[in-house]
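See below for the structure under consideration.
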Amino acid sequence: MPEPRYRSRSLRRRYVHTPGGKTVIHYRRKKPDVAKCALCGQPLRGIPRLRPGEFRKLTKSQRRPERPFGGYLCHKCLAMEIKKAVRGIA
């Protein structure tokens, strides 16, 4: 039976074959879900799928695209919002 800290289902199990012919289990944290656009729900590009601790270590420019609403809206929704703002539609 695995140690108590490894019994959680929040860990991914990876079966690894060692050179000695044994099969052992390596435990890894699961990747978080992909970031999504606030308007259309489409996956955002340019945002890495990292756990919060790893994500925090990145520079600000690596965390999200450097454009208005980067990391919040996809490029298509951003273009629509800019067009609305220019036309004067609330």
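Where a number appears in this text, it was derived from the coordinates with a stated rule and is not lab data. Nothing here was measured: the structure is a model prediction, and the numbers come from that model. Every residue, glycine as well, gets a Cβ built from its backbone with ideal geometry; the counts of neighbours run over all protein chains shown.
The angle between the Cα long axis of helix 75-87 and the main principal axis of the chain comes to about 20°, on a 0 to 90 degree scale. Close amide H partners of Lys36, meaning residues 5 or more places away or on another chain with modelled amide H under 5 Å apart, are Leu44.
Normalised by residue number, the volume inside the convex hull of the Cα atoms of the chain is 148 Å³ per residue. Taking +1 at the Cβ of each Lys and Arg and -1 at the Cβ of each Asp and Glu, which of Ile47, Ser61, Pro32 sits farthest along the dipole of region 32-72 towards its positive end, judged by Cα position relative to the Cα centre? Farthest along the dipole direction, towards plus: Ser61. For the chain, the longest piece that avoids every one of the trypsin sites (Lys or Arg not before Pro) found in DSSP loops with at most 16 other C-beta atoms within 10 Å covers 50-90. Across the chain, the mean sequence separation of Cα contacts (distance under 8 Å, 6 or more residues apart), normalised by length, yields a relative contact order of 19 percent. For the chain, modelled as a GNM whose springs connect Cα atoms under 10 angstrom apart, the maximal fluctuation among Gly53, Gly41, Gly70 occurs at Gly53. Rounded to the nearest 20, the Cβ-based charge dipole of the chain about its Cα centre (Lys and Arg +1, Asp and Glu -1) stands at 220 debye. Short-range pairs are left out: with C-alpha atoms under 8 Å and at least six residues apart, the relative contact order of region 14-63 is 23 percent. A helix-only calculation puts the chain at -6500 deg cm²/dmol for mean residue ellipticity at 222 nm, using -39500 (n - 2.57) for each DSSP H run of at least four residues, averaged over all residues.
Loop-resident GluC sites (Glu not before Pro) (DSSP state other than H, G, I, E or B) in the chain with no more than 13 further Cβ atoms inside 10 Å of their Cβ: Glu66.
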